[in-house]
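The values are calculated or read from the model by the stated rules, or taken from the named source; none is laboratory data. Since this is a predicted model, take the numbers as computed values, not measurements. When we count neighbours, we look across all protein chains shown, and the Cβ atoms used for this are built from the backbone with ideal geometry, even at glycine.
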Amino acid sequence: MVGFHDGAGEPENADVGGGEVYPAGNFTIPVVAEDEHVTGSAVAEEVAGGQDEVGVDEYAGAVAGWGVDPYQRRQHSYDNAMSDSVSVSTYSGRLRRAQELCSRRGLAGLVLGPGEQLAYLTGLRFDTHERFSALVVPAVGEIRLVLPVVDRDVTPEERLEIKVETWVDGSSPYDLVPTGRIGVGAELVASHVLRLMPGRELVSATEVLAELFVSKEKLELEELRRAGKAIDRVHAQVPQLLRPGRTERKVAADLSRLILEEHEKVDFVIVGSGPNGANPHHEFSDRILGLGDMVVVDIGGSLQSGYHSDCTRTYVVGGPGAVPRMYRVLYDAQAAAVRTVRPGVTAESVDAAAREVISAAGFGEFFIHRTGHGIGLSLHEEPFIVAGNTMELLPGMAFSVEPGIYIPGKCGARIEDIVAVTEDGCELMNNRPRELL
């Protein structure tokens with residue numbers, strides 16, 4: 001999925017399930033036949049699409065509801081308990097490293113609200129309310145989980161040796177947080193941050209925790225592989241959903257149901273047809289699909305473990321005819337970026353690899369976002385694949401590679417895969433065909 005910080009195409013042994021490994025420089029794609037009808041300067045003329053006037057009457061003006069709550073979570077007991085897939089020793093090691101990082105960074109401790117950061121360190125998942133709830137990780141000393149007494153049933157695994165401190169209305173839970181220089185987690189709401197300010201120097205905990213999150217452990221990579229396979233299975237069913245006369249909303253409803261069959265939760269659904277595809281953050285609308293429309297489909301969900309999928313493909317209603325030049329350029333740009341991924345390369349170098357191909361072809365002004373973002377328990381995290389990010393890639397880092405070209409008022413196209421850095425290149429977590437479908 002695009003965020004602003006700021007078939008063909010597959011190897012012969014590719015499996016739709018994902019997990020193909022590409023040493024640096026060995027990611028190849030077939031040459032797409034030149035479309036003789038397209039010239040380099042004729043941007044407006046080279047985009048296939050447009051509303052088909054022979055729409056199905058009964059769909060005209062119809063407003064299809066989702067039919068399901070796309071953000072619902074199927075009920076499982078793990079919501080208030082440690083994930084069964086991660087050992088106690090793993091969580092203990094993460095907590096210990098967090099304390100070591102605090103000492104190294106000159107922090108008195110960390111204060112993390114309910115969310116991905118807290119879940120990564122403890123396995124605990126619970127909904128936050130207006131009352132103060134936080135994991136307090138001091139540089140030295142006892143780790144505490146501070147909860148309102150109404151949430152006392154949220155209990156960490158005993159072997160983690162986390163002390164639970166409950167508080168009642170009328171008392172001040174903020175006194176349970178160390179004074180001094182404190183790293184504040186991204187999920188802690190602003191009202192609590194303001195109340196922590198007296199007597200403390202507050203800094204972001206995100207950079208500190210990035211050292212823990214940024215290189216994924218073996219089990220985490222396996223979860224990302226599972227997520228990649230799950231969303232690939234959904235993308236495999238997209239072509240049959242994109243029929244003339246259907247609305248983006250109806251397609252999105254179908255995709256939501258399909259994602260829930262493969263995931264615990266729907267994270268997002270983008271169905272951008274025709275000119276709507278030129279908006280990277282378009283979700284869906286009542287626009288009716290027309291024969292020949294280009295459609296950007298960007299979808300993702302969360303597994304029960306909390307790890308996310310995220311994959312984009314571009315389709316043509318009724319199937320592609322001549323491949324537009326803009327798409328051939330995008331195809332080459334995404335492949336160039338993937339080939340660049342290996343240990344020691346900077347995040348901005350991957351962005352530059354895609355951007356150079358697109359700019360050289362005259363489409364630079366239409367590539368308006370970064371090339372990628374890290375992924376794990378958070379949908380967007382470091383490393384951000386963007387100009388100016390000099391972070392060097394390390395084995396285990398996982399992130400999206402998703403260049404796009406967006407022609408205002410005409411159409412858009414994007415190709416997105418999740419990759420994981422290996423010792424000598426990268427592993428692709430998504431393996432659906434990347435050509436225009």
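The table for this structure:
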| quantity | calculated |
| --- | --- |
| Qualifying residue in segment 323-339 (condition: in a loop (DSSP other than H, G, I, E, B) and modelled with pLDDT under 95) | yes |
| Where residue 284 falls short, out of the listed (1) surrounded by fewer than 20 Cβ atoms within 10 Å (Cβ to Cβ); (2) assigned to a loop (DSSP other than H, G, I, E, B) | (1) |
| Answer residue from segment 340-370, given it is under 14 Å from residue 397 (Cα atoms) and outside any helix (DSSP H, G or I) and is farthest from the chain's Cα centre (by Cα) among those | 344 |
| Residue 221, sole failed condition from (1) farther than 30 Å from residue 347 by Cβ; (2) surrounded by fewer than 22 Cβ atoms within 10 Å (Cβ to Cβ) | (1) |
| Answer from 122, 166, 155 - the residue that is outside the structural domain of residue 220 (by TED's automatic domain parsing), closer than 20 Å to residue 205 by Cα and among the β-branched types (Val, Ile, Thr) | 122 |
| Sole residue being modelled with pLDDT under 95 and β-branched (Val, Ile, Thr), chosen from 234, 238, 208 | 208 |
| Residues within segment 381-421 that are part of a loop (DSSP other than H, G, I, E, B) and surrounded by fewer than 19 Cβ atoms within 10 Å (Cβ to Cβ), tallied | 10 |
| Test: residue in segment 353-360 that is modelled with pLDDT under 95, surrounded by fewer than 24 Cβ atoms within 10 Å (Cβ to Cβ) and assigned by TED's automatic domain parsing to the domain that holds residue 273 | no |
| Within segment 253-266, tally of residues that are touching a strand residue (DSSP E or B) at 6+ places or on another chain (Cβ under 7 Å) and either crowded, with 19+ Cβ neighbours inside 10 Å or assigned to a loop (DSSP other than H, G, I, E, B) (or both) | 7 |
| Set 139, 134: member being more than 25 Å from residue 305 (Cβ to Cβ), surrounded by 12 or more Cβ atoms within 10 Å (Cβ to Cβ) and touching a strand residue (DSSP E or B) at 6+ places or on another chain (Cβ under 7 Å) | 139 |
| Given (1) over 30 Å from residue 248 (Cβ atoms); (2) not in a helix (DSSP H, G or I), index of the condition residue 377 fails | (1) |
